[in-house]
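Q: One structure coming up, written as structure tokens, with questions to follow.
The values are calculated or read from the model by the stated rules, or taken from the named source; none is laboratory data. Nothing here was measured: the structure is a model prediction, and the numbers come from that model. Counting neighbours? That spans all protein chains shown, and the Cβs are built from the backbone with ideal geometry, glycine included.
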Amino acid sequence: MVLTKLVKKERRAQVLKSPAFGCFKGIPAVNVTRGCPHACVYCYARGFPEAPPRGEVHLYANLPEMLERELARKRKLPAWVSFSTASDPFPPVDEVLAVTYRAMKLLLERGIGISFLTKGFVPPDFVALFQKYRHLVRARIGLVSLCPDYRKTFEPGAASPWKRLLNIRNLVGAGVTTGVRIDPLIPGFAGSAEALESLFKRLRAAGAKEVSVNTLVLRPAVAEQLAAELPPELAGMIFRHYRGQPWQKVITAAKTKLLPRAARETQYLLSKEVAHRYGLNCRICGCKNPDLPWESCDPGVIQENRASMVRAEQCTLFDVLADPSAR
């Protein structure tokens, strides 16, 4: 954990906010904190103007009360709420976990489903809560590499890979639909055939059935973080993969660089092939690959408008990658 200061704040603005992009379109999101002690060097949220300094976390201590009042005013309750799209719901901070638990319990007791993505460890009391409402919980565990050096270098405050594998085992054992998000695959440091074989083998043994994959999306703030927090030769190796790539709008970021399309296609085809060998369904994040045929990275919630986002006649990414004539 990278935490130097916890600041308790009163939430005054609206709690539930609906992103207007991709897989999360129309699904209200709630962030219990601003800032995250995981301190991932590739985190886009750290680059937001309102983000606190590295190691500092702002906790909205009154969020459950605000959420309860907000729900009471709604004529129609949301079917699902996504947790911590710009932070993490499960940092190893007792005060944060207490607020998160109250907010999640409040929603579940009202029949509102919750979806979350975490690189932290999900404590047993949460697992017990989720088991009670397992039909209303969709979990995603972020795990890119089993290598301890990867975690130490790129996500120093996150839970160990083994704790995240335990998350999968515990949640699946509790009957919770649980997927794995392999994002970001950083060129030169994750995504080799050998690394994917090892990772997917462990994921399947833990009970996972679904993974979503994406390569590193480079934004100006992310590039600054990489340059400031990684050894110069390491950051330089990453930047070389993006050299000559144009800045473009991806999701809501006006300035974004993607890996060259050919490199991403090669990586995604390899990921799908290895996943298939272990009986895992592998999806590609369509939000972060606008130049490729759309696939939902699936936050695990039922969206009434999902069908309209994907043209029925559109071929899958696997078909396009496997058959160049389909491009």
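Q: Taking the condition crowded, with 17+ Cβ neighbours inside 10 Å, among the hydroxyl-bearing types (Ser, Thr, Tyr) and either over 15 Å from Arg34 (Cα atoms) or modelled with pLDDT under 95 (or both), does Thr100 pass? Spell out how you get there, then give the answer.
A: Working: crowded, with 17+ Cβ neighbours inside 10 Å: yes; among the hydroxyl-bearing types (Ser, Thr, Tyr): yes; either over 15 Å from Arg34 (Cα atoms) or modelled with pLDDT under 95 (or both): no.
It is false that Thr100 is crowded, with 17+ Cβ neighbours inside 10 Å, among the hydroxyl-bearing types (Ser, Thr, Tyr) and either over 15 Å from Arg34 (Cα atoms) or modelled with pLDDT under 95 (or both).
Q: Can you tell me which residues in region 63-118 are among the aromatic types (Phe, Trp, Tyr) and part of a helix (DSSP H, G or I)?
A: Kept after step one, since they are among the aromatic types (Phe, Trp, Tyr), are these residues of region 63-118: 80, 83, 90, 101, 116.
Once the filter is applied, which keeps residues that are among the aromatic types (Phe, Trp, Tyr) and part of a helix (DSSP H, G or I), region 63-118 yields only Tyr101.
Q: Next question, about the same structure. Does Arg75 fit the bill of being under 20 Å from Leu3 (Cα atoms) and either of a type in the set (Lys, Arg) or in contact with a Lys or Arg (Cβ under 6 Å, 6 or more places away or on another chain) (or both)? Before you say what the answer is, go through the steps one by one.
A: Numbers: under 20 Å from Leu3 (Cα atoms): no; either of a type in the set (Lys, Arg) or in contact with a Lys or Arg (Cβ under 6 Å, 6 or more places away or on another chain) (or both): yes.
In short, no.
Q: If Arg283 passes every condition in (1) under 18 Å from the mean Cα position of the chain (by Cα); (2) modelled with pLDDT of 80 or more; (3) not in a strand (DSSP E or B) but one, which one does it miss?
A: Arg283 satisfies every listed condition except (3).
Q: What number of residues in region 53-77 are farther than 28 Å from Phe189 by Cα, under 21 Å from the mean Cα position of the chain (by Cα) and surrounded by fewer than 21 Cβ atoms within 10 Å (Cβ to Cβ)?
A: Residues meeting the conditions: 1.
Q: Name every residue in region 1-38 that is under 16 Å from the mean Cα position of the chain (by Cα), at pLDDT below 75 and in a loop (DSSP other than H, G, I, E, B), in order of residue number.
A: Residues satisfying the conditions are Pro19, Phe21, Lys25.
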